[in-house]
Structure formats: C-alpha cells, structure tokens
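Questions regarding the structure given below will be posed in turn.
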There are 2 protein chains.
Amino acid sequence: MAKVIDESKLLRIKEAAIELVVQMGYGGASISAIARHANVAVGYLYRFYESKYDLVSDLLDDKLKDITGHLEVMMVQCSTIQQVITPLVNYYFHLAQHQPHHIRFIYTLINDYRFSILPDQHQRIHGLCRQLLLIGQETREIADVFTAEEIYLITVIYPVEFINVRFKQLFSEQTLSEDDKVRVVRLCMGALKG
Amino acid sequence: MAKVIDESKLLRIKEAAIELVVQMGYGGASISAIARHANVAVGYLYRFYESKYDLVSDLLDDKLKDITGHLEVMMVQCSTIQQVITPLVNYYFHLAQHQPHHIRFIYTLINDYRFSILPDQHQRIHGLCRQLLLIGQETREIADVFTAEEIYLITVIYPVEFINVRFKQLFSEQTLSEDDKVRVVRLCMGALKG
DNA sequence: AATGAATGAATGACCATTCATTCATTTTGC
DNA sequence: GCAAAATGAATGAATGGTCATTCATTCATT
C-alpha cells in the first residue's frame, strides 16, 4: 500500500530553501515561505526533515558532496596541479552560471558560524588538499612552504570568493567570462608557486 | 537642559549587537536580546537607530571605515607593496586577536547578500586598490595582468579568509601566530607577483 | 474498506517597533 | 540656597505580526 513519494516536491522544497536562504539569510527564510515557494504544505517538509536547521544543514552537505565528489574524480585522472585546477575552476564557473543560487548558498553558509562542514566532508576535503599538496610538491608546481590549509584557501576559497565579488558587482558589472576563468586559474597557479 | 547621553550605553549596545550577530546571524540577533546583553531598555536602541537593519548596517560601515582608514594611513607612508601588506596583515591579526568578534562581524556581513558596502566606503576601497595596483606595477611587485579586483581579493579577502579558516579550526586548531602572519604576507606577495 | 500521504489550522513563543509613563537632572522664581 | 516646575532621557508593557512545529483531518490510491 506504500504510496509513491513525489520526488519533484522534494526537489522543489530544496530549490526553494536554497533560494530563500540566499535571499533572506537562514533566519529570514521561514518554513512557511519555503513551503509557499515550493507549492507544498507547511507540514510536508517535516516528513523529510526534523527541523529547519536539519533541512538547511543537509542541503549544505549535499552541495559540498557535489564539490568534493567532482574534485575526487578530477584528481584520479590528473597528474599535475594545473590539470586539477583548470577543471575545478571550470566546475565553479559552470555552477555560477547555471545554478548561481547554489554557489551563493554554499558561500552563505560556509561563512555562517552556526553551520559547519560535517565530519565526513571535512575528512574528504582534508585528504584531497593533502593529496594535492603531495602531487604539487612532486611536480614543483607548489612551493615547499605551503600546507594543506593554504591549498584549501587557494583552490577552494579564492575561486569562490572571486565569483562572489563579481556577483556583488564590487569592482565590475561584467558577468563571468572565459577570460575570467583563465585569470582565476592563473592566479591560483601563481599563488601556489609561491 | 540637554542631558548627557551615556556613551558607555551606546558602546555596550554596539558590542552586544556585534557579538549576537556573529553568534546567531542577523535574523537570530533580536533587539530584545541585544538590549538584554547591553543592559539597556529595548526602546533605548531606537533613540540612535531607526531600525535593527539601520543599527547593523551602521556598525558594518564603522568597521569598514576602520580598515580603509588604516589602509589610507599605511599607503601615505609606504612606497612599496611589501611595506603596505605587512602592516595591513598586522592590523588584521591584531583585530583577530584583540577583537575577534569584530573581524567575524565584518566577515559575516560582507558575505551576506542583504548587506552591502555603502557607496562611500565602496569608492574609497576602489581608489585604494587602484592606487596599490599602480604602485605595485611601478615597483614590479605586481604582475601587469592584474586588475584592482584581484588586488582586493588578494589583500583584503585572502587574509580575512585565512583568519576565518583558523577561527573555524578547519585545518588547524592552533591560534594565530607570528609565523602565520609571515605565511599570509608571503602568500599575498607571491600571488601578486603572478 | 484500509492505508498512509498530504494538508493547513492551531499553538505558544518570540519578533521589531511604539509610546505612555517614569525618573533624574536642570532651570526658574523667590 | 532651595523648592517647584520643566525638560527630555530612559523605560518596558503593549501591539500586531510572524515564527517553527504539531497533529487531527482529508484525500488519493490500493
């Protein structure tokens, strides 16, 4: 007698939550507004998530999983840092162009002291940065002085911040271009070189 | 008949607002909680600020003014980029060590899409970055390919993000040290070199 | 008829903001 | 020098709204 759960509704909830958290902040994104945007009853959200915090926390984890998953795939195929950074920045730009709310969502919550990266993703990100560091020091693309912490800042935080400075139109009102992508890759590679 | 406005109360309100916005986010920092923390009546806040948004927005502007003010002073005395970056990073670290809430506050709101840098500070930051770019290209400390946008990312965003990755203990549980300061300066200078 | 997915009114707490009131200080009148 | 009147700084209860969450009810499917 098990009825089918309408997956499109769950998707709409996720999309609405992401959009509203970006626009109004976590506190400003009310459950009733999320439900209204998703065209779903208020109570329906509690079928999948125990609380609003749970919903948003899970969404953040999903988005981070997407990034680490992508990075892991890229690292298997590549033997130089340049070969990892280029598709990684490509991925950020693709996300920024096709799902701008999603990259803003990550950005908003990664900077929120109430949310933190869950232990699982934390471990994976750690491992990936250490791996990058090893490869880069082998190929001499990364200076010896650097630690995994700096690799994280240069390869994850810097590109995301570049995109957000553009979104906020702080220095330029241009939309992200191919040239910008090249600039970001060049800056990352230059910074890693030391 | 003019009574004296108790400046310490206003200071306490500002301090409480900063602390609570950092801890609970803008939406979570209620006026009643701010007033309670500041040991002040709820209505008292409205003597100085028209609304909660006004209060927080003004505080952000104040903090940004502090940074741009410092940068302007530093640039008058210095003729090389190294001579600007070093005291600038020093200033960030000093803020991080002595007023951690304040740097977190800037960090939290600069990343919030509901708040933006007011036109006045915006202009000053623009001008400062352009000036840095000119000096750096003269002294060959900054590669020709860079724009003011990249100078901003490297000299403002990167150091602040470094500090916040530490605050969040993402890679290291160490508190900020003199060695870290040297690392940040080195990374900034290296990145600017291209 | 039975099941359980989906609903949305109801709940109690808390929100930002207001403003009649209180209270400390200053000015005035003597 | 002092009491009374005037001032305006400071208060916090009151307001009307919104919040997250619950759960009795409805409705579609089996």
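The values are calculated or read from the model by the stated rules, or taken from the named source; none is laboratory data. A quick note: this is a predicted structure, and the numbers were derived from the prediction, not measured. Counting neighbours? That spans all protein chains shown, and the Cβs are built from the backbone with ideal geometry, glycine included. To get the accessible areas, we keep the full protein, side chains included, count just its heavy atoms, and leave off ligands, DNA and RNA. Shrake-Rupley method; radii C 1.70, N 1.55, O 1.52, S 1.80 Å.
Looking only at segment B:169-183, how many residues end up being closer than 18 Å to A:L192 by Cα and at the interface with chain A (Cβ under 9 Å from one of its Cβ atoms)?
Number satisfying all stated conditions: 2.
Quick one: how many residues across segment A:107-136 are within 11 Å of chain B (Cβ to nearest Cβ) and farther than 18 Å from A:M75 by Cα?
11
Now, a different point. Need the failing condition index for B:A16 against (1) more than 16 Å from DNA strand D (Cβ to nearest atom); (2) of a type in the set (G, A, S); (3) within 21 Å of the chain's Cα centre (by Cα), just the number.
Tallying (1) more than 16 Å from DNA strand D (Cβ to nearest atom); (2) of a type in the set (G, A, S); (3) within 21 Å of the chain's Cα centre (by Cα), B:A16 fails exactly one: (1).
Could you say which residue among A:E161, A:E141 is facing chain B (nearest Cβ under 7 Å), among the acidic types (D, E) and within 20 Å of B:Y158 (Cβ to Cβ)? Lay out the reasoning, then the answer.
Details: A:E141 fails: facing chain B (nearest Cβ under 7 Å).
So the residue among A:E161, A:E141 that is facing chain B (nearest Cβ under 7 Å), among the acidic types (D, E) and within 20 Å of B:Y158 (Cβ to Cβ) is A:E161.
Report, by residue number, each residue of segment A:144-158 that is open to solvent by 30 Å² or more (accessible area, probe 1.4 Å) and more than 10 Å from chain B (Cβ to nearest Cβ).
A:D144
Going through segment A:106-138 one residue at a time, which ones are farther than 18 Å from A:Y158 by Cα, open to solvent by less than 20 Å² (accessible area, probe 1.4 Å) and not in a helix (DSSP H, G or I)?
A:F115
In this structure, does B:R47 turn out to be within 16 Å of DNA strand C (Cβ to nearest atom) and among the charged types (D, E, K, R)?
yes
Run down B:K9, B:K65 and say which single residue is more than 16 Å from DNA strand D (Cβ to nearest atom) and either in a helix (DSSP H, G or I) or of a type in the set (S, T, Y) (or both).
Numbers: B:K9 fails: more than 16 Å from DNA strand D (Cβ to nearest atom).
Within the list B:K9, B:K65, the selection yields B:K65.
For segment B:83-105, what are the residues that are within 11 Å of chain A (Cβ to nearest Cβ) and open to solvent by less than 30 Å² (accessible area, probe 1.4 Å)?
Matches in segment B:83-105: B:F105 only.
Any chance segment A:30-52 includes a residue that's on the phi > 0 side of the Ramachandran plot and not assigned by TED's automatic domain parsing to the domain that holds A:V184?
Yes, there is a match, as at least one residue in segment A:30-52 is on the phi > 0 side of the Ramachandran plot and not assigned by TED's automatic domain parsing to the domain that holds A:V184.
Table: residues versus (1) within 14 Å of another protein chain (Cβ to nearest Cβ); (2) modelled with pLDDT of 95 or more; (3) more than 8 Å from DNA strand C (Cβ to nearest atom); (4) buried (at least 17 other Cβ atoms within 10 Å of the Cβ).
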{"residue": "B:D6", "(1), (2), (3), (4)": "no, no, yes, no"}
{"residue": "B:E15", "(1), (2), (3), (4)": "no, yes, yes, yes"}
{"residue": "B:L20", "(1), (2), (3), (4)": "yes, yes, yes, yes"}
{"residue": "B:Y26", "(1), (2), (3), (4)": "yes, yes, yes, yes"}
{"residue": "B:S30", "(1), (2), (3), (4)": "yes, yes, no, no"}
{"residue": "B:N39", "(1), (2), (3), (4)": "no, no, yes, no"}
{"residue": "B:T68", "(1), (2), (3), (4)": "yes, no, yes, yes"}
{"residue": "B:V73", "(1), (2), (3), (4)": "no, no, yes, no"}
{"residue": "B:Q77", "(1), (2), (3), (4)": "no, no, yes, no"}
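Can I ask one more? Of all residues being within 12 Å of DNA strand D (Cβ to nearest atom) and hydroxyl-bearing (S, T, Y) in segment B:41-62, which is most open to solvent (accessible area, probe 1.4 Å)? Just the residue, please.
B:Y46
Within segment B:68-76, can one find any residue that is among the small types (G, A, S) and under 29 Å from A:V185 (Cβ atoms)?
Looking through segment B:68-76, none of the residues is among the small types (G, A, S) and under 29 Å from A:V185 (Cβ atoms).
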